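These notes concern the structure reproduced below.
What follows draws every value from the coordinates through simple rules; no lab data is involved. What you see is a predicted model; the values in this text were computed from it and never measured. FYI the Cβ positions are ideal-geometry reconstructions off the backbone, even for glycines, and counts take in every protein chain you see.
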Amino acid sequence: MSGGRVLRLGVLGSGRGSNLEAIARAIDEGRLPAKLAAVLSDRPGARILELGQKSGARTGAIVPATPRGRLDAKTEGKFVDILREEDVEVVVLAGFMRIVGPVFLAAYPRRIINVHPSLLPKHRGSEAAAQALAAGDTVTGCTVHYVDQGVDTGEIIAQREVPVQPGDTAETLQARIQTAEHELLPAVIASFAGHE
């Protein structure tokens, strides 16, 4: 993207980090004018932290007081402090299995995005591929959206469709949705470099 600038990204995840790998690959290939400044998790053993270290990002795990669900304000503050120390401009939730609240949203208004494995507003929350199969959908996909205080309720930025195939299981469908996520998410992030 000529004329754009390099965005400093903060990526938050709870798991194995396949979307982080896609972001790092897009950066390495010159398709995404960004730098991974911080990679953070709510789980100390999450593979995403190892991937973040390999990418040269500052990494860290902050374990919330509650085992699931919404982050408490104190924990949010700890995440935000690290992101600010690293001059992060855009926060990407990539498999982050927590709900952010007012502390995060005030620190990064319209600068937190999430990738979700369904065509929102359908199938919010967890197990979206299984929800699509249970609903008898013939098409599902993935969505990148701005984060608000709800669960997968923020303004939609972009979507990619994925057909449901005969004989699909939640696992096979989820794998194809993830492939679409790996294409869509870096492209959406790249668009942020163009409208500063």
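Points to keep in mind about this one:
- Exposure proxy ranking, count of Cβ atoms within 10 Å, fewest first, for 108, 146: 146, 108
- Along the stretch 147-154 the Karplus relation, 6.51 cos²θ - 1.76 cosθ + 1.60 evaluated at θ = phi - 60°, assigns HN-Hα couplings of 8, 10, 7, x, 9, 6, 10, x Hz to successive residues, with x for each Gly and Pro.
- Compactness of the stretch 151-196 as Cα Rg over 2.2 N^0.38 Å, two decimals: 1.44
- Virtual spin-label span in nm between residue 130 and residue 63, 7 Å along Cα→Cβ: 2.6 nm
- The C-alpha atoms of the chain define a longest principal axis, and helix 18-28 lies at about 60 degrees to it.
- Integer Hz, Karplus 6.51/-1.76/1.60 couplings in order for the stretch 29-39, x for Gly and Pro: 7, x, 8, 9, x, 8, 10, 7, 8, 8, 10
- Put a plus charge on the Cβ of each Lys and Arg, a minus charge on the Cβ of each Asp and Glu, and nothing anywhere else: the dipole of the stretch 7-194 about its Cα centre is then about 320 debye.
- By definition, a body whose alpha carbon gyration tensor gives a ≥ b ≥ c is prolate when a/c is 1.5 or more and a/b is larger than b/c, and the stretch 75-177 fits this prolate description.
- MRE, 222 nm, helices only [DSSP H, n ≥ 4, -39500 (n - 2.57), over the chain, to nearest 500]: -11000 deg cm²/dmol
- For the chain, the relative contact order is 22 percent, taking Cα pairs closer than 8 Å that sit 6 or more residues apart in sequence and dividing their mean separation by the residue count.
- Per-residue Cβ neighbour counts within 10 Å put 20, 119, 185 in the sequence 119, 185, 20, beginning with the fewest.
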